[in-house]
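To start, the structure under review is shown below, and the notes come after it.
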Amino acid sequence: MTQDRFDPYAILQELDRAGAFFVVIGALARVIQGSDELTRGLDLTPSLRPENLRRLEQALDNLHARRVDGRPLALDTLDPQRDPMIELTSDAGEIKIVPEPAGTRGYDDLRHRANREPLGHGLRPSVASSGDLVRMLEAHVREPDPLVLETMRRVLELDRGRSWER
């Protein structure tokens, strides 16, 4: 495996095959919603129900995913307070599990406004709404890239049927 490989289709297909419930967040979600940034990984917020975490762990195992900190994956003991983000490498690229993204209350909060986006290859993952993506950017501890934030605000305006003019 090379660190340069990123195949979001392989990751999403494996998650779909396992029947895992999640919402795509982060840069890939912003790209799907209309941003023109580049990304080398997939960020997701999973349902924290035990059966779903078991399915997610199986999919990650099939992708040969490993934590970058060397600790065991052990999603059955996932604690959002202790593990606000789990960074993984896999045969298909970087994966980040974010149980409660900044500005949200996690999966149940995000899934209501998420869109099932057709990406090809028969995939229709739940992708965070443009409004939730802006909310996450604004609440993030690290200052977001101003261009990315402005782009997502404009996408949100378009989603709401507003003009680009202020």
Next item on the list: Might you let me know whether the range 17-28 holds any residue that is basic (Lys, Arg), within 16 Å of the chain's Cα centre (by Cα) and closer than 19 Å to residue 119 by Cβ?
Entry: no
Note to self: Looking only at residues that are assigned to a loop (DSSP other than H, G, I, E, B) and at negative phi in the range 2-30, which one is modelled with the lowest pLDDT?
What the structure shows: 2
Check: Does residue 58 meet the test of being surrounded by fewer than 12 Cβ atoms within 10 Å (Cβ to Cβ) and polar (S, T, N, Q)?
Finding: no
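If a residue must be among the polar types (S, T, N, Q) and in contact with a strand residue (DSSP E or B) (Cβ under 7 Å, 6 or more places away or on another chain), how many such residues does the range 98-139 contain?
Our first condition is that a residue be among the polar types (S, T, N, Q); within the range 98-139, this holds for 104, 115, 126, 129-130.
Restricting the remaining residues to those that are in contact with a strand residue (DSSP E or B) (Cβ under 7 Å, 6 or more places away or on another chain) gives 115, 126, 129.
Number of matching residues: 3.
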Note to self: Go through (1) under 19 Å from residue 43 (Cβ atoms); (2) out of contact with any Phe, Trp or Tyr (no Cβ under 9 Å at 6 or more places or on another chain); (3) modelled with pLDDT of 95 or more; (4) surrounded by fewer than 17 Cβ atoms within 10 Å (Cβ to Cβ) for residue 63 and report which single condition fails.
What the structure shows: (4)
Note to self: Quick test for you: out of 42, 75, 48, pick the one residue that is crowded, with 19+ Cβ neighbours inside 10 Å, closer than 24 Å to residue 140 by Cβ and touching a residue at least 40 places away in the same chain (Cβ under 8 Å).
What the structure shows: 42
Next item on the list: All but one of (1) exposed (fewer than 14 other Cβ atoms within 10 Å of the Cβ); (2) at pLDDT below 95 hold for residue 69, so report the exception by its number.
Entry: (2)
Next item on the list: Assess whether residue 19 counts as being small (Gly, Ala, Ser), buried (at least 19 other Cβ atoms within 10 Å of the Cβ) and in contact (Cβ under 8 Å) with a residue 12 or more places away in the chain.
Entry: no
Note to self: Six or more apart or on different chains, Cβ atoms under 7 Å: show the pairs whose first residue is in the range 51-62 and free of Cβ contacts under 8 Å to residues at least 40 places away in the same chain and whose second is of a type in the set (Phe, Trp, Tyr).
What the structure shows: 52/21
Margin query: Report every pair of residues separated by at least 6 positions or lying on different chains whose Cβ atoms are under 7 Å apart, first residue within the range 135-153 and free of Cβ contacts under 8 Å to residues at least 12 places away in the same chain, second surrounded by 11 or more Cβ atoms within 10 Å (Cβ to Cβ) and part of a helix (DSSP H, G or I).
Written below: 144/137
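The values are calculated or read from the model by the stated rules, or taken from the named source; none is laboratory data. All values reported here derive from a predicted model rather than from experimental measurement. Glycine also receives a Cβ, built like all others from the backbone with ideal geometry; neighbour counts cover every protein chain displayed.
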